[in-house]
Amino acid sequence: MRDPLRFEALFGDQGASALTPVGPVCPPQKRPGSTFIDAIVGLCLRLAMAIGLFLWVRQNAMALYQWTDLGLWIAPQEGFVQALSYWFGLFDPAFMASGVLLIAQGLVVSLALGVFVRLSGLMILVSSLVYAALILPEAWSSAIIYGALGLYLTLRGGGPVGLDWILLRLSRLSSEH
């Protein structure tokens, strides 16, 4: 309970406006996604998913004889092309397999560098749902794990250890001046 006489003695005619802070709160509150825990969790999730996707791409792409031959990075193996022709028979399966491998390689680079992490997380979430529903329902447990990780990255981002967060902070600093 507030004592009106004591309140009047302390604050005088200022009334309730004396209780509301004027100016910035010191110290400033942490923004969601910018804590040390977010940095560790975001970096670990991004790197784990990037490694998993990289290994999946290398498993479904042709063997690399030279790392500089960029065509072999997205050249699909025959079994992957046949699987895509079974699942999605309306399109050219070789072209579609190369496109899937190219998109997956882009996701690997995106997650490793921390660029477009929320969009990458959304793509992983949707692709894991499609995988569990249409392609291999028996592998629902791994699809749930990848979907949950994609959902986390979609909602929280990659944390402060990534180019997205750094570019966002730089754009805010430049717009304040």
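Quick notes
- Tally of residues being surrounded by fewer than 19 Cβ atoms within 10 Å (Cβ to Cβ) and under 23 Å from V109 (Cα atoms) across the stretch 132-153: 6
- Failed item in (1) surrounded by 14 or more Cβ atoms within 10 Å (Cβ to Cβ); (2) modelled with pLDDT of 90 or more; (3) farther than 30 Å from I40 by Cα, with G121 passing the rest: (3)
- Looking only at residues of the stretch 23-39 that are β-branched (V, I, T) and loosely packed, with under 13 Cβ neighbours inside 10 Å, we find that the one that is modelled with the highest pLDDT is I37.
- Any hit, the stretch 155-163, residues being over 23 Å from C44 (Cβ atoms), part of a helix (DSSP H, G or I) and more than 11 Å from the chain's Cα centre (by Cα): no
- Residue in the stretch 133-141 that is at pLDDT below 90, assigned to a helix (DSSP H, G or I) and closer than 28 Å to G71 by Cβ present: yes
Table: residues versus (1) within 20 Å of A143 (Cα to Cα); (2) outside any helix (DSSP H, G or I).
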| position | (1), (2) |
| --- | --- |
| M49 | yes, no |
| L55 | yes, no |
| R58 | yes, no |
| Y65 | no, yes |
| T68 | no, yes |
| V81 | no, no |
| M96 | no, no |
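- S98 under 26 Å from the mean Cα position of the chain (by Cα), closer than 12 Å to M49 by Cα and surrounded by 13 or more Cβ atoms within 10 Å (Cβ to Cβ): no
- Candidates are the residues of the stretch 59-83 that are at pLDDT 85 or above and among the polar types (S, T, N, Q); the one that is farthest from M96 (Cα to Cα) is Q59.
The values are calculated or read from the model by the stated rules, or taken from the named source; none is laboratory data. It should be emphasised that the depicted structure is a prediction, and the values quoted were computed from it without experimental measurement. Quick reminder, even Gly has a Cβ in these numbers, built from the backbone with ideal geometry, and neighbours come from all protein chains shown.
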